[in-house]
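Chemist: Submitted below is the structure of interest, expressed as structure tokens.
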Amino acid sequence: MRLTQWTDYTLRVLMYCAACDGRAHPVTITEVAESYGISRSHLTKIVQQLSAGGLLETTRGRGGGMRLMRPATEINVGAVVRATETDFTLVECFDPASNQCRLSSHCQLQGVLGQAMGSFFRVLDRYTLADLLLPPQCAGADPQAAQLVQLVPGLPRIQAFAQDKPALPQFSLVEALPASDPDPLG
């Protein structure tokens, strides 16, 4: 499954706002656009949707910008992805209205892919926006110990409070998609 660019940028905007939580002036769209090197007009549309969805508070004019409406610990990653993705039809048979596959009555692919998507969302549902801001070595540390975290280049430094969560796994496409058979078609 591949997330849309819309969802990717939505998560980035939310993470940026969470990283800036508590600072005197709000985050601006221009600031986020320059930090990530993405279109300001595209981000404006995303911010409007996040505001309408109750995740961001926006203020217009001089000194305006955006802030999270809820603490990052209360924003579930799985819920954000569900709200921003528009198509979970992984294969044709997921949509009974347009399914023309002749194998549907005998095939188990729909069930297998459905289980995989369910697993995908169960993992996302375990994490909040705050969890995404913690480096792996900080996750699961003493929740009373504040640590200064430098996120990726372009993001502000933040005070992060480690959550009572296991360390976030590091991702490797090679490990995530092991080849069970080096030549599955041969």
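The values are calculated or read from the model by the stated rules, or taken from the named source; none is laboratory data. These numbers were taken from a predicted model, which means no experiment stands behind them. Positions of Cβ are generated from backbone atoms using ideal geometry, with glycine treated the same way; all protein chains shown enter the neighbour counts. Accessible surface is based on the protein model in full, side chains and every heavy atom, while ligands, DNA and RNA are left aside. Shrake-Rupley method; radii C 1.70, N 1.55, O 1.52, S 1.80 Å.
Each row is one residue, and each column tells you yes or no for (1) under 12 Å from the mean Cα position of the chain (by Cα); (2) open to solvent by less than 30 Å² (accessible area, probe 1.4 Å).
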position: GLN5; (1), (2): yes, no
position: ALA19; (1), (2): no, yes
position: HIS42; (1), (2): no, no
position: LEU50; (1), (2): no, yes
position: GLY78; (1), (2): yes, yes
position: GLU85; (1), (2): yes, yes
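Chemist: Are any residues in the stretch 117-134 open to solvent by 50 Å² or more (accessible area, probe 1.4 Å), more than 10 Å from GLY78 (Cα to Cα) and of a type in the set (D, E, K, R), and if so, which ones? First the steps, then the outcome.
Modeler: Step one: list which residues in the stretch 117-134 are open to solvent by 50 Å² or more (accessible area, probe 1.4 Å), which gives 119-120, 122-123, 125-126, 132.
Checking which are more than 10 Å from GLY78 (Cα to Cα) leaves us with 119, 132.
None - no residue of the stretch 117-134 is open to solvent by 50 Å² or more (accessible area, probe 1.4 Å), more than 10 Å from GLY78 (Cα to Cα) and of a type in the set (D, E, K, R), so the list stays empty.
Chemist: Taking ARG67, is it assigned to a loop (DSSP other than H, G, I, E, B) and either of a type in the set (Gly, Ala, Ser) or farther than 27 Å from SER119 by Cβ (or both)?
Modeler: Answer is no for this residue.
Chemist: Okay, moving on. Exactly one of these conditions fails for ILE38: (1) outside any loop (DSSP other than H, G, I, E, B); (2) surrounded by 14 or more Cβ atoms within 10 Å (Cβ to Cβ). Give me its number.
Modeler: Here ILE38 clears every test but (1).
Chemist: Can you run down the residue pairs with Cβ atoms below 7 Å, 6 or more apart or on separate chains, where the first is in the stretch 118-131 and under 17 Å from MET15 (Cβ atoms) and the partner is small (Gly, Ala, Ser) and outside any helix (DSSP H, G or I)?
Modeler: Note: pairs meeting the criteria are ASP131/ALA139.
Chemist: Here is a follow-up. Quick check on my filter: what residues within the stretch 28-54 are in contact with a Lys or Arg (Cβ under 7 Å, 6 or more places away or on another chain) and either modelled with pLDDT of 95 or more or within 23 Å of VAL81 (Cα to Cα) (or both)?
Modeler: ILE29, ALA33, TYR36, listed by residue number.
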